[in-house]
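Everything below concerns the one structure shown next.
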Amino acid sequence: RIQGEQAFLNFKSREIGHTRQEFDYPIPVDDARALLALCVGGLIDKRRHLVRHAGLVWEVDEFLGDNAGLVVAEVELEHADQAIELPDWAGTEVTDQVRYYNLALAAHPYARWSAAERGP
């Protein structure tokens, strides 16, 4: 992932319930560009916004390119049972819907979703 003048190598484990392990390592931007050039299949292009609400920081991803029009928000919790106050702007819960995962969006972008897949 390239973010401005910084780059990161990110690994996410398979989901176990609503949690998964995530590892994020800084790498040189030139290395990130070289790795991205090796990628086969679709890449995810998004702009991340950090939004504070009720003492938590929400990561709001505004998708671009073939996934333009899709906005997904997530918040990191200290434990799976942590109570949170949802912001007024939060929409439908999609945590358990695999089609919203980056891997799925790379293979089947939002632009190709049917009206039924997009939901209400």
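Each value in this text was obtained by applying a stated rule to the coordinates, not by laboratory testing. Note that this is a predicted model, so its numbers are computed, not measured. Methodologically, a virtual Cβ is constructed for each residue, glycine included, from the backbone with ideal geometry; neighbour enumeration extends over all protein chains shown.
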> In whole Å, what three semi-axes, largest first, describe the equivalent ellipsoid of the range 1-62 built from its Cα gyration tensor (square root of 5 times each eigenvalue)?
Replying inline: 24, 17, 12
>> Debye calculation, C-alpha points only, no solvent: report log10 I(q)/I(0) for the range 42-120 at q = 0.10 Å⁻¹, in the same order as the q values.
In response: -0.26
>> Can you give the longest run of the chain that contains no trypsin sites (Lys or Arg not before Pro) sitting in a DSSP loop with at most 13 other Cβ atoms inside 10 Å?
In response: 21-120
> GluC sites (Glu not before Pro) within the range 45-120: which are DSSP loop residues with at most 12 other Cβ atoms inside 10 Å?
Replying inline: Glu76, Glu78, Glu85, Glu93
> Gain in length, Val71 to Val98, computed as 0.36 nm per residue apart minus the alpha-carbon separation, to one decimal in nm?
Replying inline: 8.2 nm
